[in-house]
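Reviewing the structure listed below.
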Amino acid sequence: MSDHDIVLSVVDDEGIEAWLERVVDEPFRLEQVSRSDLTRVLRLLEATTAHVVMVEISEVDMDQSLAIITALTSARPWVTVITVCARANQELLLQSMRAGARDCFVAGSEAGDVRDRLRRHQLLRVGHYDDQARSATNNLTLVAAASPTVDTRFLAQNVALGLNRLFPNERCLAIDTQPAERGIFYLDVHNEYTLENLLASPETLDETLIGTALEEYRPGLRLLAGGIDSRELEGDRSADLFIALNHLMQMFDRIVINVGTLESRHWVRALGIHARHLLITMQPLVDQAHAVRTLGNEWRSHLGRDSQVHLVVDGMEGKVPPGLDELSETAGVSLLGGLPMDWRHRLMAMNSGLPIQEQSSRCRYSRSLQTLMNKLESQQENSIGESWWQRLRSNG
């Protein structure tokens, strides 16, 4: 289970939604979905393993809200359903309780009282046998950047290829959220099937679809283009993303996602709870180190208990200060390692569409990347049981 328990919000009213976002604070994390599609609500509930669901209820469409409450309590009897309404109404309260709701919040209530009641519901919830199995799906590696000038596409593709070489018997998927028109990452591969297609019908995802839509780039490694902009990652779209990635996490041993910079907060918010590793990449610039510290503070509530956060300094020049340790201290994030610019071999790999590890296996970049990958996996084994925020603070 995550330190930051998910609360599912089934709300359409913008005022109530904004109020909930203000009052539902740490250690809870709010995932929002509209009431219009009951199937999506149930799929998101399954994907998040949330134990508390807040459902908007009003006199105007009371039947719809009661149907959602009944469906939730029937399909997931261990879930605590709490209704949320714009104003107190005894009839609404009684009908929602008969449908299975256990409490009712009135928008505008004092935030401290709401949080205390949420904590009590979390303490009283009935355990679910599947919690342990689902909490083991932290198999995502997210690659983000402190600045748009940092090339996370190149790093993410090489991390995916590095994991594929380290674990040849495991299934790995690499998703490029910033694909170019001519290919995925910098590799010479073209798949017509994209994450956009998957989000259009996430319920169709199965082994047959994966086998036919995504060819293996290398044995055990498949690639997926995912160019979705932040305007598409709100509300129900965010719910669909969470549902689709949850399916993929059950089908692959490891998933590497290039989240870049511009859309990174949306991806981290949607998927950080399942992150095995979050790599924050920066160039050896002091202002970017400060940007990393800011990102760490913003993202910590979206990550799971077992998430590992690492700093990767890209484009290092050994004799130019500040050094790696100083950059890590300023960033407040545990240092994983540095990568040399080695522009000649990078350029050759990008233009040829081939992995740099295969084209120039002995170049400085390839050797440094291999060292970084080995350290990434060894740190995961050594840090079980310690929260990532404790590790960040102890290294910052």
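The values are calculated or read from the model by the stated rules, or taken from the named source; none is laboratory data. No experiment lies behind these values; they were computed from the predicted model shown. Counting neighbours? That spans all protein chains shown, and the Cβs are built from the backbone with ideal geometry, glycine included. Remember, those area values only see protein heavy atoms, side chains included, never the ligands or the DNA or RNA. Shrake-Rupley method; radii C 1.70, N 1.55, O 1.52, S 1.80 Å.
Fully extending the segment from Val320 to Ser352 would add 8.4 nm, taking 0.36 nm per residue of separation and subtracting the current Cα-Cα distance.
If you take the Cα centroid of region 77-91 and the Cα centroid of region 271-319, the two points sit 39 Å apart. Shown is the FRET efficiency for Gln370 and Arg115, computed with R0 = 35 Å from the Cβ-Cβ distance and rounded to the nearest 0.05: 0.15.
At full extension, Thr204 and Asp13 could sit 65.7 nm farther apart than now, given 0.36 nm per residue minus the alpha carbon distance. What region 67-118 shows is 45 Å² of accessible area per residue, with the surface traced by a 1.4 Å probe over protein heavy atoms. The distance between label points at Arg218 and Thr70 comes to 5.5 nm (points 7 Å beyond Cα on the Cα→Cβ vector).
On full extension, the segment bounded by Glu329 and Met251 gains 24.3 nm, given 0.36 nm per residue less the C-alpha separation. Measuring r between the beta carbons of Glu59 and Ser34 and using R0 = 22 Å, the FRET efficiency lands at 0.70. By the Kirkwood approach, averaging reciprocal distances over each pair of separate Cα atoms, region 53-96 gets a hydrodynamic radius of 10.6 Å.
FRET efficiency for the Leu166 to Ala86 pair, using the beta carbon distance and R₀ = 56 Å, is estimated at 0.55.
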